[in-house]
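Reviewing the structure listed below.
The values are calculated or read from the model by the stated rules, or taken from the named source; none is laboratory data. Everything numeric here is computed off the predicted structure, so don't read it as measured data. Neighbour counts are summed over all protein chains in view; Cβ atoms, including those assigned to glycine, are modelled from backbone coordinates with ideal geometry. Just so you know, the surface numbers come from the protein's heavy atoms only, side chains and all, with ligands and any DNA or RNA stripped out. Shrake-Rupley method; radii C 1.70, N 1.55, O 1.52, S 1.80 Å.
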Amino acid sequence: MRLALSTGGGDAPGLNAVIRTVVLSSMNRGWEVLGIKRGFAGLLGEDDVVSLTRESVRGIAHMGGTILRTTNRGNPFQWPRAKPDGYLEESDRSDELIATSRQLGIDAIIAIGGDGTLAIADKLFDKGMCIVGVPKTIDNDVAGTITTFGFDTAVNTALEAIDRLHTTAESHDRVLVIEVMGRHAGFIALHSGLAGTADVILIPEIPYDLSKVRDKIIARDKAGRHFSIVVVAEGAMPKGGTTSTMGPSMPGQDRRVGGLAGRMAYEIQQITGKETRSLVLGHLQRGGMPTGYDRLLATRFGGAAIRAVAERKWGHMVALQSPHIVTVPIKDVLRETKLVDPSHDVVRTAREIGISFGD
């Protein structure tokens with residue numbers, strides 16, 4: 001068996017632990033593993049395809065990022081190409097990818113990524129490729145799995161920032177607005193905000209009314225708590241409004257969501273009269289060493305992916321359905337994006353201890 005391994009989309013802590021497990025488990029079975037650089041670019045002549053050995057993956061389990069590099073502009077079905085006039089056009093290069101894969105003698109591909117990478121994997125499966133998916137997203141918005149590696153690390157990164165902001169906010173009687181990742185799903189904001197005892201949590205699944213945010217801050221002020229912590233997911237939006245964006249994206253990328261914290265800090269200061277500052281964590285949440293939980297989950301996913309290959313479960317994704325790792329059809333996973341359920345016990349608990357969701 002000759003396997004190929006790719007990492008696509010945004011990076012997440014734990015990717016290297018998956019790679020290491022796939023390589024070691026494969027070699028112990030007598031299989032060969034190739035690494036496709038930068039998503040699927042290596043199979044399109046835009047980057048390399050390299051051999052992965054025990055030496056290649058030695059000492060990488062604790063490292064953030066991915067030794068294979070990644071891209072969120074690597075869809076072979078919509079590959080951006082520059083025309084002579086400088087403008088970009090998209091073309092379908094999937095047949096070229098499949099042909100190169102066959103020329104290299106690749107028997108199967110393990111694709112590690114979020115909903116975008118999994119959608120590509122599903123299309124390649126429909127075209128006859130033997131493919132297994134491994135879910136990866138710090139937003140935790142992939143359906144079919146309880147959680148994904150990278151999420152716990154992102155939550156802990158946000159939590160550390162919230163803890164640090166508490167002391168400076170209280171010292172200056174300020175309102176501090178911290179923006180975390182979460183384009184469509186507010187899991188990072190919800191979990192870090194609740195664990196970090198935020199006063200307001202705003203997530204995409206619960207559109208907010210700024211007057212309700214103001215009411216919470218004023219009520220705290222009257223109670224002698226002259227500071228407030230507001231945690232917002234980048235994709236949170238006001239009732240009847242839209243998400244905040246940060247200008248044009250690169251070709252082949254989704255629109256850049258974000259910039260909410262700065263705007264909200266200005267608006268809160270205007271309607272409350274309290275000094276308000278903002279902080280955007282951004283890519284800090286993607287970087288650094290994975291937590292122990294994420295390393296373990298990533299390692300389990302890697303092992304499960306190899307077992308799925310051995311069992312020829314093509315077109316399936318490995319998933320955590322506690323206490324076991326199982327496989328689910330990628331098509332089932334892609335039917336919906338996993339979002340925060342406003343009636344979930346985590347949301348209910350937050351409300352019961354006085355946290356406002358701006359509604």
The range 85-114 - residue that is over 20 Å from Ser26 (Cβ atoms) and among the charged types (D, E, K, R) and, of those, surrounded by the fewest Cβ atoms within 10 Å (Cβ to Cβ):
Asp85
Has the range 213-235 got at least one residue that is in a helix (DSSP H, G or I) and under 30 Å from Gly114 (Cα atoms)?
no
How many residues does the range 321-339 contain that are under 16 Å from Thr117 (Cβ atoms) and either hydroxyl-bearing (Ser, Thr, Tyr) or open to solvent by 80 Å² or more (accessible area, probe 1.4 Å) (or both)?
2
Quick one: is Arg58 part of a helix (DSSP H, G or I), farther than 30 Å from Arg256 by Cα and of a type in the set (D, E, K, R)?
no
Please go through (1) in contact with a helix residue (DSSP H, G or I) (Cβ under 6 Å, 6 or more places away or on another chain); (2) at positive phi; (3) free of Cβ contacts under 8 Å to residues at least 24 places away in the same chain; (4) not aliphatic (A, V, I, L, M) for Asn140 and return the number of the only condition it doesn't satisfy.
(3)
Counting only residues that are within 26 Å of Val155 (Cα to Cα) and open to solvent by less than 50 Å² (accessible area, probe 1.4 Å), how many does the range 217-236 have?
12
Residues in the range 292-336 that are touching a helix residue (DSSP H, G or I) at 6+ places or on another chain (Cβ under 7 Å), assigned to a strand (DSSP E or B) and within 21 Å of Thr153 (Cβ to Cβ) total 4
Residues to consider are Pro76, Pro84; find the one that is modelled with pLDDT under 95 and more than 29 Å from the chain's Cα centre (by Cα).
Pro84
With (1) open to solvent by 40 Å² or more (accessible area, probe 1.4 Å); (2) within 17 Å of Asp139 (Cβ to Cβ); (3) within 16 Å of the chain's Cα centre (by Cα) as the list, and Met289 as the residue in question, which single condition is left unmet?
(2)
May I ask you to list the residues in the range 115-138 that are crowded, with 24+ Cβ neighbours inside 10 Å and in contact with a strand residue (DSSP E or B) (Cβ under 9 Å, 6 or more places away or on another chain)?
Thr117, Leu118, Ile120, Ala121, Ile131, Val132, Gly133, Val134, Pro135, Lys136, Thr137
Could you list all residues from the range 12-53 that are on the phi < 0 side of the Ramachandran plot, surrounded by 23 or more Cβ atoms within 10 Å (Cβ to Cβ) and part of a loop (DSSP other than H, G, I, E, B)?
Ala12, Pro13, Phe40
